[in-house]
Amino acid sequence: MTTTTERDTRFDTARHVADAVLFEGYVLYPYRASAAKNRLRWQFGVLVPPAWAPAHGEHAFQRTEVLMEPRGEATLHLELRFLHGRRRTVQRLHLDGTYADVGELHLPDRILVPWDEGTEERVVLAVPVASLAGEGVVLPFTRPAREESEPVLDGSGRAVGRLLLRTEEAEGRVRLSATELDGPYRVLKLTAVVENTSAWTPDDGDGATREAALPRSLVATHLLLGLDAGSFLSMTDPPEWAREAVAACDNRHTWPVLAGGDGRCDVVLSSPIILEDHPAIAPESAGAMYDALEIDEILALRTATLTEEEKREARGTDARAAAVIELADSMPPEVLERLHGAVRGLREVTGPDAFDGLSDGPSTLTEIPDGEAVFRPEAPWWDPAGADPAPERIPVEGVLVGPGSRVLLRPGLRRTDAQDLFLQGRRALVEAVLHDVDGGVHLAVTVEGDPGADIRREQGRFLYFQPDEVTPLEEA
């Protein structure tokens, strides 16, 4: 087993997507620490200290299992990446030379506020596949506690304060093993477990909060795996002969996908965010926006509408937030226009080779009807004025369900959002019953025990399920 600090070029393509995973939801629009959306941080791939995990519904480990076909004396390359929280305190310099903590420090170009920064950490190793048999290999790692300070200067270069940057110790380990499977081909099941092994124990006071656990956590944890000889099998679309073996793989709190670029199967990204094979960043994206699941165009337009005071606070919140502000302020119109949607599905059938192999060529296309043949209804397809008032409560399994009702979530009938599957069997509170113009009914819910439920409720950002995806619970 060897470790190295060099960046492995085989991961270059996957690393672009991995960077998006690493900073997914890192700082949300409007990019200010004071915004309600940024009070509950670090949502993806958080591995907390083991003493904290059981009582708070969070995890101390990730488990990846993937099938691989190594050739010869193949070597497995691994890169573990995560964010390590660094707590920033803002202090003002007084005339007597002493410093005092403050909630804000105003500068000409920014407003500095307390904030938890995320520093990128990597654990890299290369190990022969042959050595993974049996107990495999274990690689422990430690990121030590440290404290730094940075002077804060005003526009004239005079010291007006400082930033105290405190990092707590983070400990973990990576366990790797491989077992050969029975079958028509030589296939190994690779198991990679990432664990937070911190000995930190929460106390009964402030130390029992999530805020105290996060600096000792591994945040946005994900793995890059690569073979120098051989390939991995797709876990979402495996060959028929491997489907049973793939179904037996046990992936927990992460999901592996092929990520070496189209046509390549020698690199896997195991991500806490469910992705498809060969994920890629849209070429229209001008830069990282860091806002979870939002649209670049909308974010750029919204950011442009912030007041100068709001932009100053965003610049003082985080260097990455400051970069977003500068990006939005400097984006040329032609770049912004490029963000306004892209139709990729048509490109394959409208190119010069679109009709290769068709004996009749373009003449096989259906002729577009003239205007007289197009159906035009006399009345609008949906008239709000004529609609009946939507009921606030609906029957579900013989029970009227509405705002305030408690339900058991059992997603899976629609199969439209893989993230919903993580909520199987969780209890939830119905916040609203919504009716769409097609007659569909949707239940807006918050999950019981979700520490961000109040913020979701305040912002109206709920989870949505159809009536056949819930079971009513008897009221206490």
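Side notes on the structure shown:
- Note on the range 181-273: Cα Rg divided by 2.2 N^0.38 Å, N the number of residues, gives 1.46.
- Peptides 245-251, 181-187 ranked from most to least packed, by the mean per-residue count of other Cβ atoms within 10 Å: 245-251, 181-187.
- Spacing of the two label points (7 Å from each Cα toward its C-beta) at Arg252 and Ala133, in nm: 2.7
- If the segment from Ser34 to Glu392 were pulled out straight at 0.36 nm per residue, it would be longer than the present Cα-Cα gap by 125.4 nm.
- Accessible surface ranking that places the most exposed of Met68, Met331 first, with a 1.4 angstrom probe: Met331, Met68
- Calculated FRET efficiency for the pair Glu309/Leu95, C-beta based, R₀ 25 Å, to 0.05: 0.40
- Volume of the Cα convex hull of the range 170-216, divided per residue and given in Å³: 96
- Ligands, DNA and RNA left out, the 1.4 Å accessible surface of the range 21-171 is 50% carbon and sulfur atoms.
- Mean accessible surface per residue for the range 1-120, computed with a 1.4 Å probe while every protein chain stays in place, in Å²: 44
- Summed over the residues of the range 125-260 and divided among them, the accessible surface reaches 46 Å² per residue at a probe radius of 1.4 Å.
- Surface composition of the range 202-341: carbon plus sulfur atoms hold 52% of the accessible area, using a 1.4 angstrom probe and ignoring ligands, DNA and RNA.
- For Asp182 and Arg461, the FRET efficiency from 1/(1 + (r/R0)^6), where r spans their Cβ atoms and R0 equals 35 Å, is about 0.15.
- Charge context of Arg166, other residues only, Cβ under 9 angstrom, K/R +1, D/E -1: +1
- Full extension of the segment from Asp237 to Glu474, taken as 0.36 nm per residue of separation minus the current Cα-Cα distance, would add 81.2 nm.
- Environment charge at Arg186 (Cβ cut-off 10 Å; Lys +1, Arg +1, Asp -1, Glu -1): -1
- Amide H partners (placed H, <5 Å) of Ala229, local residues excluded: Arg71, Thr75
- For the range 77-140, applying the loop criterion from DSSP together with a ceiling of 10 other beta carbons within 10 Å to the GluC sites (Glu not before Pro) yields Glu135.
- Probe 1.4 Å - accessible area at Ser405, Å² to nearest ten: 10
- Across every direction, the projection of the convex hull enclosing the Cα atoms of the range 1-80 has a mean area of 8.8 nm².
- Cβ-derived FRET efficiency at R0 25 Å, Phe422 paired with Ile281, nearest 0.05: 0.55
- Rg and Dmax of the range 1-159, based on Cα coordinates, read 21.3, 70 Å.
- Net charge contributed by nearby residues that have their C-beta within less than 15 Å of Ala133 (K/R +1, D/E -1): 0
The values are calculated or read from the model by the stated rules, or taken from the named source; none is laboratory data. Predicted model, so just to flag it, every value in this text is computed and none were measured. Ideal geometry is used to build each Cβ from the backbone, glycine not excepted, and the neighbour counts take in all protein chains shown. These area figures cover heavy atoms from the full protein model, side chains too; ligands, DNA and RNA do not enter into them. Shrake-Rupley method; radii C 1.70, N 1.55, O 1.52, S 1.80 Å.
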